[in-house]
1. If the convex hull of the alpha-carbon atoms of the stretch 21-97 is projected onto planes in all directions, what is the mean projected area in square nanometres?
2. Which Rg and Dmax, in Å, describe the Cα atoms of the stretch 156-315?
3. To the nearest 20 debye, what charge dipole does the chain have about its Cα centre, counting +1 at the Cβ of each Lys and Arg and -1 at the Cβ of each Asp and Glu?
4. Scattering from the C-alpha atoms of the chain alone, worked out with Debye: what is log10 I(q)/I(0) at q = 0.06, 0.08, 0.09 1/Å?
5. Kirkwood Rh over Cα pairs of the stretch 28-184 into Stokes-Einstein at 4 °C, 1.567 mPa s: D in µm²/s?
6. Taking the Cα centre of the stretch 187-343 as the origin, how large is its charge dipole in debye, to the nearest 20, when only Lys and Arg (+1) and Asp and Glu (-1) carry charge on their Cβ atoms?
7. Round to the nearest 0.05 the FRET efficiency obtained for Thr163 and Asn325 when R0 = 41 Å and r is the Cβ-Cβ distance.
8. At what distance in nm do the modelled label points of Glu42 and Ala304 sit from each other, each positioned 7 Å from its Cα along Cα→Cβ?
Amino acid sequence: MKLLKYLFLLILIVVIGAAIYFATKDGSFDVAATKTMEAPPEVIYNQVKDFKDWPEWGPWIAEDPDMQIDYAEKTEGEGASYSWKSEKVGDGSMRTTKVIPAKEIEQEITFNTPMGDSDSDIYWKFEETDSVGKTKVTWGMKGEQSFMEKVYMSFQEEDFETTLKTMFDSGLSNLEEVVEESMEAYSINVDGITEYGGGYYMFVSQASSRNDIGAKMGPMFGQVMQYMQQNNLQQSGQPFAIYNQVNEESNSVIFSAAIPVKERVVVPPGSSVQNGFMEPVPALKVTLKGDYTNIPEAYERANAYMAENGLQPNQDRNMFEIYANDPGNVPNPADYLTEIYLPVQKPTEPELP
């Protein structure tokens, strides 16, 4: 009996000692992962703000594809929430508590475990970098582990912080892939023959290789816009480019960057910015929704359509592109809209007998 008594006492001492150890062990944590992505903050934020989009990149989905997810009526913005049930990763819920669009998101997460509910804070940061078009994205969680959580994690192969950071790193990598795919999406639609109304416009012209058109066009539009502002000229339509000459052999063009105005403008002698007029013209219209890098494919589709339908280009008129929205106001290149017009000859009217 004495042996059992001493053994019980020894076990009691060990239990008390362990309890004191885990009770006094610091359970506070703040774990985060950071990744720099080649995308504007708005584009990344748009993939994170709505809980319904999380399954596309959330790392836990790979661990349990059969996870049951229930969304609240509101899934984005302050007060948005959702919950999940999983035999593999456990049950829980999350609620958004604060949102600064394209800058910060704060959330509360609750894990439902056999040891009781555990609450922690989730935070997101979307920070612009010195490199244009790149964003530093941070995803983290902070809180306090309960007594039983500290005991449980002490017997795991990987410590809590390492497990959490691995999950965040995986999620950010998945998110980056989704963001890249969203920016690369595009569509091309051949709208058919239309009558473009024409009108007056202010413009500057320049020779360029085809590869340099994009780099030169921005400053050229800026030059035209500055002239219009200085002379109180009102813009009456979306900016467009006119391809005056195209040399296939040298891969070069002479093009104009133009902005529509309502009426004829007399410019002073020697001005680099000129006033022009485009007559109404029948043209094949093709609409590209997506990055400007897809414009060559849009022209290929247009030329194929003309060949298939026996349309003849009007050699006396220049093809042109209208940029239907401002890239400065559209963060995702997948949403850029470009209207391409290829002037065509009118069908010959049959002679009357």
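Every number in this text was worked out from the coordinates using simple rules, so none of it is lab data. From a predicted model like this one, the values you see are computed outputs, not experimental measurements. For neighbour counting, all protein chains shown are included, and Cβ atoms are generated from backbone atoms with ideal geometry for every residue, glycine included.
1. 7.5
2. Reported Rg and Dmax, both Å: 22.7, 81.
3. Value, rounded to 20: 740 debye.
4. Here log10 of I(q) over I(0) equals -0.41, -0.62, -0.71.
5. 79
6. Working: 8 positive and 16 negative charges, 85 e Å.
My answer is approximately 400 debye.
7. 0.40
8. Simple spin-label model gives 3.2 nm for this pair.
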